[in-house]
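Visitor: Okay, handing you the structure first.
Each reported figure results from applying straightforward, stated rules to the coordinates on display, with no laboratory input. Remember, predicted model here, so these are calculated numbers, not experimental data. A quick note on method: Cβ atoms are made from the backbone with ideal geometry, for glycine too, and the neighbour counts reach across all protein chains shown.
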Protein chains: 4
Amino acid sequence: MTDVTTFSAETERAIQAVREEVAALHGELVRYGLVVWTGGNVSGRVPGAELFVIKPSGVSYDDLAPENMILCDLDGVVVPGSAGSDRSPSSDTAAHAYVYRNMPEVGGVVHTHSDYATAWAARGEEIPCVITAMADEFGGPIPIGPFAIIGDDSIGRGIVQTLSGHRSRAVLMQNHGPFTIGKDARDAVKAAVMVEDVARTVHIARQGGELIPIPQAAIDSLFNRYQNVYGQAPQGAIA
Amino acid sequence: MTDVTTFSAETERAIQAVREEVAALHGELVRYGLVVWTGGNVSGRVPGAELFVIKPSGVSYDDLAPENMILCDLDGVVVPGSAGSDRSPSSDTAAHAYVYRNMPEVGGVVHTHSDYATAWAARGEEIPCVITAMADEFGGPIPIGPFAIIGDDSIGRGIVQTLSGHRSRAVLMQNHGPFTIGKDARDAVKAAVMVEDVARTVHIARQGGELIPIPQAAIDSLFNRYQNVYGQAPQGAIA
Amino acid sequence: MTDVTTFSAETERAIQAVREEVAALHGELVRYGLVVWTGGNVSGRVPGAELFVIKPSGVSYDDLAPENMILCDLDGVVVPGSAGSDRSPSSDTAAHAYVYRNMPEVGGVVHTHSDYATAWAARGEEIPCVITAMADEFGGPIPIGPFAIIGDDSIGRGIVQTLSGHRSRAVLMQNHGPFTIGKDARDAVKAAVMVEDVARTVHIARQGGELIPIPQAAIDSLFNRYQNVYGQAPQGAIA
Amino acid sequence: MTDVTTFSAETERAIQAVREEVAALHGELVRYGLVVWTGGNVSGRVPGAELFVIKPSGVSYDDLAPENMILCDLDGVVVPGSAGSDRSPSSDTAAHAYVYRNMPEVGGVVHTHSDYATAWAARGEEIPCVITAMADEFGGPIPIGPFAIIGDDSIGRGIVQTLSGHRSRAVLMQNHGPFTIGKDARDAVKAAVMVEDVARTVHIARQGGELIPIPQAAIDSLFNRYQNVYGQAPQGAIA
């Protein structure tokens, strides 16, 4: 455990960039009220390496900084001698690692216990797609993953089995809470913010009476459009 | 697309004033929790010109500034060579443009997915006028607009058809969310803040039991008074 | 209207102190989320004078300062030539004035449209006393006042008739929202904060099932104790 | 009452450390929205002495500082001549003192009227354990304590009787609100934050339909694991 792993200068620069991004993105979980105390965690894959960066376990959000983020290999083992390696990584590290090992297209993973998303999870009920923002972002309902507890690969496996081939980047693990994935850590954080927002809106809507479904063709159209043209594209592609 | 459009000095000053106002007003959407991530948008008409200013697409609220607001003509086409024209405007630009073309009295448009207003929209249910602040501000119930998806003029047309001749400055587009209009951008933002506030209060009220309606004559009296005497008027007109 | 009213140096000092307190207390309405935009208002009686200080109408909470608070006599007429007298006072000034004229023991009045309290008001339903903090602060249920609209003394009269001889310092005016009174402006603001807090807690409690009443003798005991010994008393009176 | 009690330098250092911790921890109650106005209180036992430090009564959260925290003996009597002893301690001091006298393993006590936890208390209904975070933190349901009012030892006795031998560090005192305990003040504050979070999530979940219970064996496994390995442990104990 006292050996120090060394990387190429390019990999070191990539690690540092991910450390900075992952540390900063935890602030978005706080800003949107998705986490309390030390709960919740963000990780990001290091491009071009078999590595990811994740939050340390049980450390206050006020104290997170690039240098105390923790560098792990894709088995979730802390890289010996790396910055922050004197601390334990998030207790959800095994689940993040499982996702990175099994979903190569995923560059970021987020887990929270945000209130409304977790409420749907406590009933094991998927969130129906009744608002256009949800069709844009998730392309349909937010699915439920299996009940699984910490200690082996069952959480990671449940995430991967539920989200593989699914449009949604969010899964509500039963009785537990949301996990989200993305092309990078920022994209996974966006999904964590949006899943709580739609969980809250659809909960409130249904408390007041019957929901109007969105026709499947409209959901498909919104999802395809949003994935392709939203945001800043090369000039000329006015969305 | 590489031509640069030039305007009179007076129009340039008016454009700059609207850029500053529209950029700053986005902060009110954040302050009142009406938006998450990059969702939501404010636009303002440039007085005395066939132009309006709107938020760029998919840009963080932290990064909005007068110079990256986007200047469009009333067809929603970005003015070539204007500040910010290297970015795409909000994906809702066509709807804003449709409103400006068809409602000459409108000087500002706002769109959000604020939670409680969107919850009423997901049921396609207008908000009944049971609190005096709602009578003051909207003069009656908040109406529902048709289901319409992005891609043509159907959202803009739905807004205009619903709000033309209506007292309310807010419409809840079915399964989508609120659009508000005003005499200028600030007035439309106020309507966006107030529609969420009344959507929340009336939702909560109805969860607890039966609502007491306000007599129509009282609604009329409150609306007429508020439109005429509220706020800072010439001295002597004590409200 | 161009005459300037002059007061003794002592009264001027008292006016200035109330201006400062009333301006600052509006910040508490914002802090606790009781108001949006320019809604809500605080006033305070000037001790030893037939005067009170109130918020101007339609001015942003960011712009409130002691010198733009408005000085009124007990008929709600702005004192000519006083600081801020170029603006209109709150549109609720007549209701505040009515309270000061008819309840000499009242030194502060607050009005908001805070969401949960207004929700009870929209049903015309008093808030039952089922939590000890409510027994402490209000000594029983929060009563409903009559439906009354702006334009004459009917709001003020409704407040006075409901609260005279009542333990509660808060009344929920039907379809309108809470008005609170206190021995000074700070005490009335505390009541406004507490009435929203109990309105929210009791609403949530009842959504989940049947409430347990508190025996009347316990309510009486809590109220009497809290009025007499809570807070900082002379040393030795350990509460 | 004018005598000054003196302590060893070591005890004075321990007192000062607890004063600083207890003053700072009140900020967490504000941050998580658990308290309004001057409600709520945190106390911490002074290690190695028959003393604890608690918030003064009726003082604004903005004005709390180490030197105005109040030092009490285990009967809840203010230590004469100690810093802050010119003020009265929290009106809940007797309940805190009873806990310290009867539960020697407890190093911190917190009391709030946080909305969702108090809502369960107003129905006298324990919070069922349906989310894994609750199994981690509390090891099962959050119990209800007896109805008891201030004035004698009945609140303290109710807390001790309910929590002695119970996994939960939180009790919901009927019609009153949560009290939490911990190995130190920080741990008790964490429990206060978490109990409101689970009270809110489970309330929301149940409003939407039937909850899925967590099997007792899974609850036991989660609780045992969390108590032993979560957070920063000696290197090598990767959680």
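Visitor: Non-local amide H neighbours of D:ILE142 (under 5 Å, H modeled in plane, Pro and chain starts lacking H): which ones?
Guide: The answer is D:ILE127.
Visitor: Mind checking C:147-159 for the average number of partner chain beta-carbons within 10 Å of each residue's beta-carbon?
Guide: Details: counts 5, 2, 11, 9, 3, 0, 0, 0, 1, 0, 0, 0, 0.
Shielding by partners across C:147-159 averages 2.
Visitor: I would also like to ask the following. How would you rank B:ASP92, C:ASP62, A:ASP187, going from fewest to most other Cβ atoms within 10 Å of each one's own Cβ? Write out the running numbers ahead of the final one.
Guide: Details: B:ASP92 23, C:ASP62 7, A:ASP187 17.
Ascending Cβ contact count within 10 Å gives the list C:ASP62, A:ASP187, B:ASP92.
Visitor: I need the inter-copy label distances for D:HIS166: point set 7 Å along Cα to C-beta, values in nm with one decimal, smallest first.
Guide: 3.6, 3.6, 5.1
Visitor: Also, I was wondering about something else. Of C:ARG87, A:ARG19, A:ARG13, how do they rank once you tally other Cβ atoms within 10 Å and put the fewest first?
Guide: Values: C:ARG87 20, A:ARG19 23, A:ARG13 11.
By the 10 Å Cβ count, ascending: A:ARG13, C:ARG87, A:ARG19.
Visitor: I've got another one for you. Provide the per-residue ³J(HN,Hα) series for region A:117-129, in order, calculated from phi with Karplus coefficients 6.51, -1.76, 1.60 and θ = phi - 60°, each as a whole number of Hz, with x at glycine and proline positions.
Guide: Listing the rounded values in order: 4, 5, 4, 4, 5, 6, 9, x, 10, 5, 8, x, 8 Hz.
Visitor: Give the Rg/Rh ratio for region C:31-155, taking Rg as the radius of gyration of the Cα atoms and Rh as the Kirkwood radius, to two decimals.
Guide: Numbers: Rg = 15.8 Å, Rh = 16.0 Å.
Radius of gyration relative to Kirkwood radius: 0.99.
Visitor: Build a GNM of chain C with springs between Cα atoms under 10 Å: which of C:ILE127, C:ILE150, C:ILE181 gets the top mean-square fluctuation?
Guide: Its mean-square fluctuation being the largest, the pick is C:ILE150.
Visitor: When only C-alpha pairs under 8 Å and at least 6 residues apart count, what is the relative contact order of chain B, in percent?
Guide: Working: 471 pairs, mean separation 46.1, N = 239.
For chain B, the relative contact order is 19 percent.
Visitor: Amide H neighbours of A:HIS176 under 5 Å, at least 5 residues apart or on other chains, H built in the peptide plane: list them.
Guide: Close amide H contacts, sequence-distant or interchain: D:THR132.
Visitor: Pull up all non-local amide H partners of A:GLY108: gap of 5 or more, or a different chain, and H-to-H distance under 5 Å with H placed in the peptide plane.
Guide: A:ARG45, A:GLY182, A:ASP184
Visitor: Let me check the size of region A:115-192 from its C-alpha atoms; what are the radius of gyration and Dmax in Å?
Guide: Over region A:115-192's Cα set, Rg and Dmax evaluate to 11.9, 38 Å.
Visitor: Another question about this same structure. Under the Kirkwood approximation for Rh and a Cα-based Rg, what ratio Rg/Rh is obtained for region C:127-236? Can you show the working numbers first?
Guide: Details: Rg = 14.9 Å, Rh = 14.9 Å.
Rounded to two decimals, Rg over Rh is 1.00.
Visitor: Now a separate question. Using all Cα-Cα distances in region B:3-68, what percent lands in each 5 angstrom bin from 0 up to the longest?
Guide: 3, 17, 27, 21, 14, 10, 5, 2
Visitor: I want to verify the translational diffusion coefficient of the protein assembly as shown in µm²/s; compute it with Stokes-Einstein, Rh as the Kirkwood radius over Cα pairs, at 10 °C and 1.306 mPa s. Intermediate results must be reported in sequence, preceding the final value.
Guide: Working: Rh = 29.9 Å.
It comes out at roughly 53 µm²/s.
Visitor: Alpha carbon centre of region A:200-227 versus region C:1-42: separation in Å?
Guide: Centre-to-centre distance over Cα atoms comes out at 47 Å.
Visitor: Right, next: Can you run phi through the Karplus equation (6.51, -1.76, 1.60; θ = phi - 60°) for region C:46-55 and list ³J(HN,Hα) in whole Hz, with x for Gly and Pro?
Guide: Working through the residues one at a time gives 7, x, x, 9, 8, 9, 9, 10, 9, 5 Hz.
Visitor: What are the distances, in nm and sorted shortest first, from the label point of A:SER60 to the label points of the same position in each other copy, with each label point placed 7 Å from Cα along the Cα-to-Cβ direction?
Guide: 2.4, 2.4, 3.3
Visitor: Okay, next question. Please give the average number of partner chain Cβ atoms lying within 10 Å of the Cβ of each residue in B:104-117, rounded to a whole number. Working shown, then result.
Guide: Values: counts 0, 0, 0, 0, 0, 0, 0, 0, 0, 9, 2, 9, 6, 1.
The per-residue average across the peptide is 2.
Visitor: So for D:ILE15, A:ILE70, fewest C-beta neighbours within 10 Å to most, what's the order?
Guide: Values: D:ILE15 23, A:ILE70 27.
Ascending Cβ contact count within 10 Å gives the list D:ILE15, A:ILE70.
Visitor: How many nanometers, to one decimal and shortest first, lie between the label point of C:PRO47 and those of its other copies, if labels sit 7 Å from Cα toward Cβ?
Guide: The answer, with the shortest distance listed first, is 4.8, 4.8, 6.7 nm.
Visitor: So, one more: Among chain A residues, which Cβ is nearest the axis of the A-onto-C rotation, and at how many Å?
Guide: Here the value is A:GLN207, 4.
Visitor: With θ set to phi - 60°, apply the Karplus curve 6.51 cos²θ - 1.76 cosθ + 1.60 along region B:166-180 and write out the HN-Hα couplings as whole Hz, x wherever there is a Gly or Pro.
Guide: Once θ is set to phi - 60°, the couplings for region B:166-180 become 9, 5, 5, 8, 10, 10, 9, 6, 3, 6, 10, x, x, 10, 10 Hz.
Visitor: I would also like to ask the following. How much FRET efficiency would the formula 1/(1 + (r/R0)^6) give for D:GLN227 and C:ASP153, where r is the Cβ-Cβ distance and R0 is 60 Å, rounded to 0.05?
Guide: 0.40
Visitor: Run lengths n ≥ 4 of DSSP H only: what is the helix-derived mean residue ellipticity at 222 nm for chain D, with -39500 (n - 2.57) per run over all residues, to the nearest 500?
Guide: Working: 7 runs with 96 residues, N = 239.
Counting only the DSSP helices, I get -13000 deg cm²/dmol.
Visitor: I would also like to ask the following. Taking 22 Å as R0, compute the FRET efficiency from the Cβ-Cβ separation of D:ALA217 and A:GLN161 and round it to 0.05.
Guide: Details: r = 23 Å, r/R0 = 1.05.
With R0 = 22 Å, the Cβ-Cβ based efficiency is 0.45.
Visitor: Excluding residues fewer than 8 places away in the same chain, name every one of the lysines whose C-alpha is closer than 24 Å to that of C:LYS183.
Guide: C:LYS55
Visitor: Follow-up question, since we're still on this one. Over region C:95-235, what relative contact order in percent results from Cα pairs under 8 Å that are six or more residues apart?
Guide: On the way: 249 pairs, mean separation 47.0, N = 141.
Computed over region C:95-235, the figure is 33 percent.
Visitor: Rounded to two decimals, what is Rg over Rh for chain B when you use alpha-carbon atoms and the Kirkwood radius? Before the final figure, lay out the partial values.
Guide: On the way: Rg = 18.2 Å, Rh = 18.4 Å.
Over the Cα atoms of chain B, Rg/Rh equals 0.99.
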